């Protein structure tokens, strides 16, 4: 039996990444409080939220395979949140200039009560950034909803001096190599179930598009 696939996310970037696997899916946004718990590490936070997102949607859609994902960043072991506004992004990028940052991209796959979670970290070394470069970048990308104030899927890649990960799409928020292995374990290997093309209707479901 082939189980239908759901991406528990409203992120257009994760949706685009998942579409590369050519397996039909639709998206549902989970309602999850993303506030870190006291003393919670970035790794633990990302894994907890990825599991929560997958479990919430899996409970609403029994018989579906659900993907939940979350990303948290850390600088010297300290969590980096979303800046929220331009001033916050300015402060973050000045602090990150010339520094090494770890982005924890956690992902959970759930079917009923069964769930598996992985964290695929990416280590990014930021270039030494001038105030003028920071301002130019913020004008273009406005990364105020992104932990670390850098959208690697856009101009944010130019902020980096180097990047190291076992999964090239991990930094964008959905590690496709790890996901392919997880889906195969749940009986949905993309190499067996991919289709030639995915229409707009196959990657969205009006009845499922809820907050």
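In table form, for the structure just shown:
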read-out: Helix 131-141 axis, angle to the chain major axis (alpha carbon atoms, nearest 10°); value: 20
read-out: Alpha-carbon centroids, region 136-180 and region 98-116: separation in whole Å; value: 15
read-out: Taking 155, 49 and counting other C-beta atoms within 10 Å, the order from fewest to most; value: 155, 49
read-out: Options (i) 51, 40, 32; (ii) 55, 39, 31; (iii) 42, 41, 32 - which one matches Cα extents along the principal axes in Å as calculated here; value: (ii)
read-out: On Cα atoms only, tilt of 176-185 relative to the major axis of the chain in degrees; value: 30
read-out: Global geometry of region 77-187, whether rounded, prolate or oblate, following the gyration tensor of its Cα atoms and the 1.5 cut on a/c; value: prolate
read-out: Candidates 121, 30, 12: whichever shows maximal mean-square fluctuation once the chain is modelled as a Gaussian network with Cα springs under 10 Å; value: 12
read-out: Highest-first arrangement of 103-110, 129-136, where packing means the average Cβ count within 10 Å; value: 103-110, 129-136
read-out: Antiparallel bridges, percent of DSSP beta bridges restricted to the chain (to nearest 5); value: 80
read-out: Two-site FRET efficiency, residue 76 against residue 163, from Cβ-Cβ distance with R₀ of 22 Å, rounded to 0.05; value: 0.75
read-out: Label-point gap, in nm, between residue 59 and residue 43 - each point 7 angstrom along Cα→Cβ; value: 2.8
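Laboratory data are not the source of any read-out in this text; all were calculated from the coordinates shown. Since the model is a prediction, treat every value here as computed from it, not as a measurement. Reconstructed Cβ throughout: ideal geometry from the backbone, glycine too, with neighbour counts over all protein chains shown.
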